[in-house]
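Take a look at the structure below.
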Amino acid sequence: MDHELKLIKNIQKKGHRESANLLIQAYYKEIYGYVFKQIYCRESAADITQEIFISMVRSIDNYEEKRCSFRTWLYKISSNKIIDYYRSKSYKQWTNYQPIENVEFGAYENIEDDFIQGESIKEVMSVVNDFDANSQQIFRMKLFAEMTFKEIGKVLNLNESTVKTKYYSLINKVREKLEEVRTNE
């Protein structure tokens, strides 16, 4: 952590290119994986990951270690870029998707396990994309970044219990919407 903060300070004070490269190398695979789990297109995931790190470098002067960890801050940038992607023209033209049951999400011992089974990423994300950006960020950070409610609350400046309530409400709304769509088919 101290090494990471030193790299951040080098970038903030001196615009140190090597420090930026080291930070990018440290987080690239993790962030790419987070993006890919939601998009399922290698080229788009690579492009978005690149945009995330460009945004990171451009806005690193705004990072405050008191507010949240660097990793959490980076995930917030990532969530915003993914939301932008889903709002973009390129997403609307996207038709190739992989069923969510082929994705390994890690071990969930609660409602997410039931929720994820049998749903396709395209169906779920099309419903989630209709919600406000704040709700989308909660959903993405919880399921794809595997953040705790407390971490999400720090990033979004929300109380942990508010994040939990919004998350579980969103899960129920997504379920209802998917059942409604399937009933009408």
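The values are calculated or read from the model by the stated rules, or taken from the named source; none is laboratory data. Keep in mind it's a predicted model, so treat the numbers as computed, not measured. Every residue, glycine among them, receives a Cβ derived from its backbone with ideal geometry; neighbour counts consider all protein chains shown.
Counting just the residues of segment 140-153 that are part of a helix (DSSP H, G or I) and touching a helix residue (DSSP H, G or I) at 6+ places or on another chain (Cβ under 6 Å), which one comes out surrounded by the fewest Cβ atoms within 10 Å (Cβ to Cβ)? Step by step, filter segment 140-153, then rank; the result is Lys150.
Condition check: among the hydrophobic types (A, V, I, L, M, F, W, C), at pLDDT 90 or above and under 17 Å from Phe131 (Cα atoms). Does Val163 satisfy that? Yes.
Scanning segment 166-184 for residues that are of a type outside the set (A, V, I, L, M, F, W, C) and closer than 18 Å to Asp130 by Cα gives Lys166, Tyr167, Tyr168, Ser169, Asn172, Lys173, Arg175, Glu176, Lys177, Glu179, Glu180, Arg182. Of the residues making up segment 98-116, not a single one is modelled with pLDDT of 85 or more and β-branched (Val, Ile, Thr).
Yes/no matrix, rows are residues, columns are (1) modelled with pLDDT under 90; (2) on the phi < 0 side of the Ramachandran plot:
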{"position": "Ile8", "(1), (2)": "yes, yes"}
{"position": "Ile11", "(1), (2)": "yes, yes"}
{"position": "Lys14", "(1), (2)": "yes, yes"}
{"position": "Arg17", "(1), (2)": "yes, yes"}
{"position": "Ala26", "(1), (2)": "no, yes"}
{"position": "Lys29", "(1), (2)": "no, yes"}
{"position": "Tyr40", "(1), (2)": "yes, no"}
{"position": "Ile48", "(1), (2)": "no, yes"}
{"position": "Ile54", "(1), (2)": "no, yes"}
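Listed here are the residues, each with its yes/no results for (1) surrounded by fewer than 19 Cβ atoms within 10 Å (Cβ to Cβ); (2) assigned to a loop (DSSP other than H, G, I, E, B); (3) small (Gly, Ala, Ser); (4) in contact (Cβ under 8 Å) with a residue 60 or more places away in the chain.
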| residue | (1), (2), (3), (4) |
| --- | --- |
| Ala46 | yes, no, yes, no |
| Thr49 | no, no, no, no |
| Ile54 | yes, no, no, no |
| Val57 | yes, no, no, no |
| Ile60 | no, no, no, no |
| Cys68 | no, yes, no, yes |
| Leu74 | no, no, no, no |
| Asn80 | yes, no, no, no |
| Asp84 | yes, no, no, no |
